[in-house]
Amino acid sequence: MYKKLKFNPWILLSVFAILADQISKYWFVQHFERGEVQVLTSFFNWTLSYNTGAAFGFLNRGQGWQVGFFLGAASSISAVVFFLLLKTPRQQKWHSIALSFLLAGALGNVCDRLRLGYVVDFIQWHYQQWYWPTFNLADSFVVTAVIMLLIEEMFFKDARKNSRSK
């Protein structure tokens, strides 16, 4: 009647990525003051900031409605990705890793929004006077996942379809 759940290594990958994200955020909150900048190279800094908006500060200056909105959206997306990850055949490693990173990135920032009401960011890239918005490991996981899924769609779509039919 009920199908027995099997161990899924891709869920474990998500858990480890979420832990890395949360530990890194905790470390920066403990060791940096908000707005403090530590220059590492001519193009890379550590700096602590708090983001109430979406990835990379999008809608960061909203009136507060965006926190609940992004919390709900990320939670819903996480549920869908979790389900897709459970349904993805194990031999589709590239796709599974991408979904694992997507799940970890979404849930890493959900944890912050639930606990704090904002997301902790600390990674800052720049070129001369042009600064990319500050971000965190969870954001990096989401971007990596999207890039992986785009590469898969552009170059490996047929291989994925063939592995489904086996």
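Every number here is computed from the coordinates shown, using simple stated rules; none is lab data. Predicted, not measured: the structure shown is a model, and the values here were computed from it. In this analysis, Cβ positions are derived from the backbone assuming ideal geometry, glycine residues included, and neighbour counts consider all displayed protein chains.
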Calculated FRET efficiency for the pair Ser75/Trp125, C-beta based, R₀ 35 Å, to 0.05
0.75
For Arg34 and Ile151 in the same chain, what is the full-extension length gain: residue separation times 0.36 nm, less their Cα-Cα distance, in nm?
38.5 nm
What FRET efficiency, computed as 1/(1 + (r/R0)^6) with R0 = 35 Å and r the Cβ-Cβ distance, is obtained for Leu86 and Tyr118, rounded to the nearest 0.05?
0.70
If I stretch the segment between Ser42 and Tyr26 completely, what's the gain in nm (0.36 nm per residue apart, minus their alpha carbon distance), one decimal?
3.2 nm
Once you keep just the Cα pairs under 8 angstrom separated by 6 or more residues, what percentage relative contact order results for the stretch 9-157?
31
Three semi-axes of the equivalent ellipsoid, the stretch 9-157, Cα gyration tensor, whole Å, largest first
27, 18, 14
Peptide ranges 114-124, 72-82, 96-106 listed from the most packed, as the mean C-beta count within 10 angstrom indicates:
96-106, 114-124, 72-82
